[in-house]
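In what follows, a structure is listed as structure tokens, so that the remarks can point back to it.
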Amino acid sequence: MNKKNSWFAVFVIFIFFVCQTGIFAQKSGYKIVQVELPWGKTVLYSTFYCFNDLETGRNLAEKLYGVKNLDKILKTGRFKKLMAVPVGSELSAYNFAIMTHNKEFWFFENRDDGWLWGTGRY
């Protein structure tokens, strides 16, 4: 292996290490996504906290909104088909999302069927 190829291999390994250790990796486990929700003849602009595992959801619900009983809400909540997930939207990359509107707490599930399912509580 010549010197030029050796430096290239070191560079590739360095980039792989940097990406895996967190400089470019998403450490938080969630992403904030701005969503337009249809509301009658108008649109509500909302902030969704999107994530892929329920442990992250429990932590976010408690830290952001003071909701300590997320598991109970999910067991008793009736999930309804709420809105189509736009093709290519950031929502489609995550399994779950939470948001609040006024005094309502909403939990959403992406079931990979093109729809966002949700349940809410006051």
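Laboratory data are not the source of any read-out in this text; all were calculated from the coordinates shown. Here the structure is a predicted model, which means the values were calculated and not measured. Cβ placement follows ideal geometry from the backbone for every residue including glycine, while neighbour counts extend to all protein chains displayed.
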If you add up the charges near residue 58, with Lys and Arg at +1 and Asp and Glu at -1, over every other residue whose beta carbon is less than 14 angstrom from its beta carbon, what do you get? 0
PRE reach from residue 62 (point 7 Å along Cα→Cβ): which of the range 85-122 fall under 11 Å by backbone N? none
Tell me which trypsin sites (Lys or Arg not before Pro) from the range 46-122 have a DSSP coil assignment and no more than 16 other beta carbons within 10 Å of their own. 68, 78, 103, 111
What aspartates and glutamates could a cross-link reach from residue 103, if we take a straight Cα to Cα line under 18 Å and drop same-chain neighbours fewer than 8 places away? 62
Which length gain, in nm to one decimal place, applies between residue 81 and residue 44 when the Cα-Cα distance is subtracted from 0.36 nm times their residue separation? 11.5 nm
